[in-house]
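The values are calculated or read from the model by the stated rules, or taken from the named source; none is laboratory data. This is a predicted model, so every value here is computed, not measured. Positions of Cβ are backbone-derived with ideal geometry, glycine not excepted, and every protein chain shown enters the neighbour counts. For accessibility, only protein heavy atoms count, side chains too; no ligands or nucleic acids. Shrake-Rupley method; radii C 1.70, N 1.55, O 1.52, S 1.80 Å.
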Amino acid sequence: MTEAEGVLLLHGIARRAASLRPLERRLTAAGYVTLNLDYPARTLGLADTAASIAPELACFGRQVSWLHLVTHSMGGLVARVCLARSRPDNLGRVVMLGPPNGGSEVADALQHMLLYRRFFGPAGAELVTGRTSALSALFGPIDYPLGIIAGSRSLYPLASLLLLGPNDGRVTVARTRLAGMADHVVLPAAHPTMMGNRQVLDQTLHFLRVGRFRPM
């Protein structure tokens, strides 16, 4: 095991690990060891996705002094399932970027469309706002240091018409929130590009270091 702290990075549903490269570079420059994990976001549901990455999460966790997680979009839901099932003893802090913790009205509107189901797969159907009891049971309580960054700019004006309140084009600010979170901040960033936004990167690093976002 190294004395360095580690950060596991989990991308969103229609993305790959490459989408988090700017964040990975920033974390590495700050002295963190990183694992930017590709996972089958569009071929498995949340439960099976969490199971598929559990061995790598555990292995990486054993190699670092503290294991932090930084996620984008659906990656936050995958992280919640992983931590509810098997939390590392050396879990540090968790930062979620634009997580659909309360689902998304965009998924509500598109879930019955064949193209949506084929492209986003089983997990796409689990991003709706009205969750089954079985799906809700996958997520444990937030009793670890969690910071959530929500975006307030949209690159999708039509999609934003479906979203009730300030949003990043995919998720409303309100639906990013979770009971038990340590801190929450809203930044002028859009859902698909927030991972490279300077303010998002700065605030992510600040939370990993002190457990709070920098006051705006």
- With the condition kept exactly as written, say whether any residue in region 73-87 is under 24 Å from Pro141 (Cα atoms), in contact (Cβ under 8 Å) with a residue 24 or more places away in the chain and touching a Ser or Thr at 6+ places or on another chain (Cβ under 7 Å). yes
- Task: For region 1-96, please list each of the strands (runs of 3 or more DSSP E) lying entirely inside it that holds at least 1 residues being among the β-branched types (Val, Ile, Thr), open to solvent by less than 20 Å² (accessible area, probe 1.4 Å) and closer than 19 Å to Pro145 by Cβ.
- Result: 6-10, 67-72
- Verdict on Pro215 being open to solvent by 50 Å² or more (accessible area, probe 1.4 Å) and under 20 Å from His11 (Cα atoms): no
